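Enquirer: Encoded as structure tokens, here's the structure I'll be asking about.
Each reported figure results from applying straightforward, stated rules to the coordinates on display, with no laboratory input. Here the structure is a predicted model, which is why all the values come from computation and not from measurement. Every residue, glycine as well, gets a Cβ built from its backbone with ideal geometry; the counts of neighbours run over all protein chains shown.
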Amino acid sequence: MAAGFAQWGNDLYTGRRSYDIVGHRRWWFAVSGVLVLAAIVLLFAPGLNPGIEFRGGSEFVVTGVVNRDQQKAVTAVAAIDNREVALVTNQGSNSIRVQTRQLGSNQVEQVREALAKAYNVNVNAVTSTFIGPTWGADVSKKAVSGLVVFLVLVAVVMTAYFRNWRMAVAALAALFHDIAITAGVYAAVGWEVTPATVIGFLTILGYSIYDTVVVFDKVRENTDGVIHQSRYTYSEKANLAVNQTLVRSINTSVVALLPVAGILFIGAFLLGAGTLRDIALALFVGMLVGAYSSIFLATPLEVALREREPEMIALRKRVLAGRAGGSGTDGEAVAAGALAAPLVGPLRPGAHQGFAAQPRRRRK
């Protein structure tokens, strides 16, 4: 199996096998558009669930619990304030976390005693904490500031490095795509947005841009001097770059996702709610979506922008005219079967041979 995967990767790199990812970019744009639209809808209904760090309130942690029936905590809090509906979650193997709106000092002590009685523990086993909403507002402000600075730096550095503003635009679009979908999944699941979640969101930005830069670097290498030849269009050269980095993207994503999936499982099902679960969900979804966007969104979008240039339009006409005429040097009429097919019509039989396709010999 490993040998077959290695051969598949080698075929993709040499061009013996090719998937027309760039040529079908309208499909990928449609899929990404639907996912982003669904994520935006989820952000409004039901919306994100901000944690106590952002909305403020009182938090109680009961340790040494034998029977972690969450209804006991809800009933205990309601007995002190019948207008309050407590948010109860399990922590670890023997702890309960209870969150309420801001309570007065007397109410806090009453709730502590009620929780201790409900779970048959000593009152000292119930700790209370008050978190003001200003702390969460400060965290949010700093997160937004960091995001803005990051995006500006990405745009400047990528434009300078690749000498191509279109790659910077495509990379930023992929970043927005990744963040929007990750936030939408968080809203759909209903888990609390905590500072750990914010850290996870900021972390996936770095992963996504790294994967995109790797693909773009290969695109730049393949398309260097593309206008000075007449065998391949810009999109064909870029598509070859995507195929050549496909195995690398898959390997990198799998290696990164496996430990994050383990952390997510442990945090969600073994240890209960906590920092591990919050950050792992953001990382898992963000890395998965980031791997998709770097292959199926960033490069196809960059190609769509680049092929609007007059010199690329002229190159495409020249390449297609040479193939249609059947005359030209170095086998221009038969080059790049799979990659050229979507530009002129349906995929032809045998088009999977890509850049390695060999010209047919004429009978004497």
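Enquirer: What does the charge count near Ile279 come to, summing +1 for each Lys or Arg and -1 for each Asp or Glu among other residues with Cβ under 14 Å from its Cβ? Don't skip to the end; give the middle numbers.
Expert: Details: positive: Arg277; negative: Glu53, Glu192, Asp278.
Summing Lys/Arg as +1 and Asp/Glu as -1 gives -2.
Enquirer: Please compute the modelled spin-label separation between Ala304 and Arg220, points set 7 Å along Cα→Cβ, answer in nm with one decimal.
Expert: It works out to 2.3 nm between the two label points.
Enquirer: What is the percent of Cα-Cα separations in region 1-102 that go past 19 Å? List each step's numbers first, then the result.
Expert: Working: 3542 of 5151 pairs.
Tail of P(r) above 19 Å: 69 percent of Cα pairs.
Enquirer: Sticking with this structure for a sec: What residues of region 21-56 lie in the reach of a label at Ala155, counting those whose backbone N is under 19 Å from a point 7 Å from the Cα along Cα→Cβ?
Expert: It comes to no residues whatsoever.
Enquirer: Another question, then. Enter the angle in degrees (range 0 to 90, nearest 10) between the Cα long axis of helix 195-223 and the first principal axis of the Cα atoms of the chain, meaning the one along which they spread out most.
Expert: For 195-223 against the chain, the angle is about 10 degrees.
Enquirer: Okay, helix-only estimate at 222 nm for the chain: each DSSP H run of n ≥ 4 adds -39500 (n - 2.57), divide by all residues, round to 500 deg cm²/dmol; what do you get?
Expert: One gets -20500 deg cm²/dmol as the mean residue ellipticity at 222 nm.
Enquirer: Project the alpha carbons of region 177-294 onto their principal axes and report the range along each, largest first, in whole Å.
Expert: 60, 23, 19
Enquirer: Counting alpha carbon pairs within less than 8 Å and at least 6 residues apart, what relative contact order, in whole percent, applies to region 37-107?
Expert: Reported relative contact order: 35 percent.
Enquirer: How many percent of all Cα-Cα pairs in region 57-131 sit more than 18 Å apart?
Expert: 25 percent
Enquirer: Now, a different point. What would the Debye equation give as log₁₀ I(q)/I(0) for the chain at q = 0.12, 0.13, 0.15 Å⁻¹, counting only Cα atoms as equal point scatterers?
Expert: Result of the Debye calculation: -0.92, -1.02, -1.23.
Enquirer: Compute the FRET efficiency between Gln107 and Asp138 as 1/(1 + (r/R0)^6), taking r as their Cβ-Cβ distance and R0 = 45 Å, and round to the nearest 0.05.
Expert: About 0.95, to the nearest 0.05.
Enquirer: A follow-up question, please. Relative contact order for the chain: what is it in percent, counting Cα pairs under 8 Å that are at least 6 residues apart?
Expert: Value for the chain: 25 percent.
Enquirer: Count charges around Glu311 for me, please; just the other residues with Cβ under 13 Å from its Cβ, Lys/Arg as +1, Asp/Glu as -1.
Expert: Result for the local shell: +3.
Enquirer: Counting pairs of Cα atoms in region 122-225, how many percent are more than 19 Å apart? Please report the intermediate quantities before stating the final value.
Expert: Details: 2990 of 5356 pairs.
In whole percent, the share of Cα-Cα pairs in region 122-225 beyond 19 Å is 56.
Enquirer: Tally Lys and Arg at +1 and Asp and Glu at -1 over the other residues with C-beta under 13 Å from the C-beta of Phe130: what net charge comes out?
Expert: 0
Enquirer: In a Gaussian network model over the chain where Cα atoms closer than 10 Å are linked, find which of His24, His228, His177 has the largest mean-square fluctuation.
Expert: Fluctuation is largest for His228.
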